[in-house]
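Colleague: A single structure is presented below for examination.
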Amino acid sequence: MKSKVYFISQKDSNNLKEINIRLKLLLDKSGILNFIEKSQKCAVKMHFGEEGNTGFVRPEHLRIICDAIKNKGAYPFLSDANTLYRGRRLNSQDHLKLAYEHGFSQETTGAEVIIPDDTRSEEAVAIEINQKHIKSAKVARIYIDSESLLVVSHFKGHILTGFGGALKNIGMGCATRAGKLAQHCNLAPVVHLERCIGCSECLKVCPAGAICIQDKKSIVDSQKCIGCASCLAACPTMAMFIDFGAGDLVQEKMVEYSLAVLKNRKGQTGFINFATRINKECDCWGMENPRIAPDVGILASMDPVSIDKASFDLVNKACGRDIFKETHPDQDGLKQLKLADRLGLGNLDYELIEL
Ligand code: SF4
Ligand code: SF4
């Protein structure tokens, strides 16, 4: 049976008030919050955006979502786990401060922000899944223990996974730093020395301190590398090369991690995708990155696979071509959805209900 995906068009409006009116209608008509029960704590899984990035979902929209959760008598809180790379979201204190700087204050959203600190063993949990790559997934406990979970994702492009939506927000986003490392390892780039001009651009952006320049050539320490691919984007001569077969591996591990987070949560997790402000790269990029598609709208579903597939289809329809393949030709982002479908996480076939 096809899963239902509810959709409301943004109709090219950049007016926050007007978009919020449509968001309210979507929440109301889709019944997406019906799984949340009175008195429950509800984790709203977010991405607060890296410093310098502006693609993240606006705090004003979170106000609408949190108020709707509160109207059900439940208690929402906003949350994201810390990152692997050096930046403003590496530890809980800085991450929290950045979330406030990006407008996610209690006054704006009506909800507290909680960033789990996975350096404390009691805030992480291992989930046994015994899959092809991941036997035991390391996840921030708060997402497992929360009585209800609403995953609010910004749908956009991604250098390693082609695109990122609900599955990326769950699989990568709920993992502890150790879990993120398990998903990114084996991705250290190789330097084509004949192309390297020793400009140090890669060294400047490397969040792991994994690059040094010797004899005017870049050298990557594969033991320190976390496979973020930032150096590829920064290199002006395309001297950095990652085996993008390894990008497939990241997608597979990410889906296995999604399986861990959603294990025993069937019917207790809802998904909202904002297919708006669609950038070429992830909100982890600490810089503005180019828009690749027009704003499409907001989607809601109880199925993470269907909502990502519908987002992918709607964005490509608006562009008149596969914009994700065009901007990331080495990646096939649909692989994550096909595997998730096979593992029973959701359904590639969906019924789109436009409101
Ligand atoms: S992929 Fe490149 S930028 Fe990222 S950690 Fe490895 S060497 Fe550094
Ligand atoms: S950015 Fe590219 S060309 Fe410059 S040092 Fe790094 S690998 Fe070499």
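Just so you know, all these numbers are worked out from the coordinates, no wet-lab data involved. Model, not experiment: these values are computed from the prediction. With ideal geometry, Cβ positions are generated from the backbone for all residues, glycine too; neighbour counts draw on all protein chains shown.
Colleague: Only helical DSSP H runs with n ≥ 4 go in: add -39500 (n - 2.57) per run for the chain, normalise by residue count and round the 222 nm mean residue ellipticity to 500 deg cm²/dmol. Display every interim value, and only then the final one.
Modeller: Details: 13 runs with 119 residues, N = 355.
One gets -9500 deg cm²/dmol as the mean residue ellipticity at 222 nm.
Colleague: In addition: For segment 111-227, restrict the atom set to alpha-carbon positions and state the Rg and Dmax in Å.
Modeller: Both quantities, over Cα of segment 111-227: 17.7, 56 Å.
Colleague: Okay, moving on. Given a Förster radius of 45 Å and the C-beta distance between LEU16 and ARG342 as r, what FRET efficiency does 1/(1 + (r/R0)^6) yield to the nearest 0.05? Let's see the in-between values first.
Modeller: Details: r = 39 Å, r/R0 = 0.87.
So, using R0 = 45 Å, E works out to roughly 0.70.
Colleague: 5 Å is the cut-off here: which amide hydrogens, built 1.01 Å from N in the peptide plane, fall below it relative to SER153, excluding neighbours closer than 5 in sequence?
Modeller: ILE272, ASN273, PHE274
Colleague: So which of LYS97/LYS335; LYS224/LYS325; LYS138/LYS266 end up more than 24 Å apart, counting from Cα to Cα?
Modeller: On the way: LYS97/LYS335 35 Å; LYS224/LYS325 30 Å; LYS138/LYS266 20 Å.
Too far apart for the 24 Å limit: LYS97/LYS335; LYS224/LYS325.
Colleague: Let me ask something else. Can you give the convex hull volume of the alpha carbon atoms of the chain per residue, in Å³?
Modeller: On the way: hull volume 44.7 nm³, N = 355.
Each residue corresponds to 126 Å³ of Cα convex hull volume.
Colleague: Mind checking segment 230-331 for GluC sites (Glu not before Pro) that DSSP puts in a loop (not H, G, I, E or B) and that have at most 13 other Cβ atoms within 10 Å? List each step's numbers first, then the result.
Modeller: On the way: sites: GLU252, GLU256, GLU281, GLU288, GLU326; in loops: GLU281, GLU288.
Counting only loop positions with at most 13 other Cβ atoms within 10 Å, the GluC sites (Glu not before Pro) in segment 230-331 are GLU288.
Colleague: Bins of 5 Å, beginning at zero and ending with the bin holding the largest distance: percent of Cα pairs per bin for segment 185-236, please.
Modeller: Per 5 Å bin, starting at 0, the Cα pair percentages come out as 4, 24, 37, 24, 9, 1.
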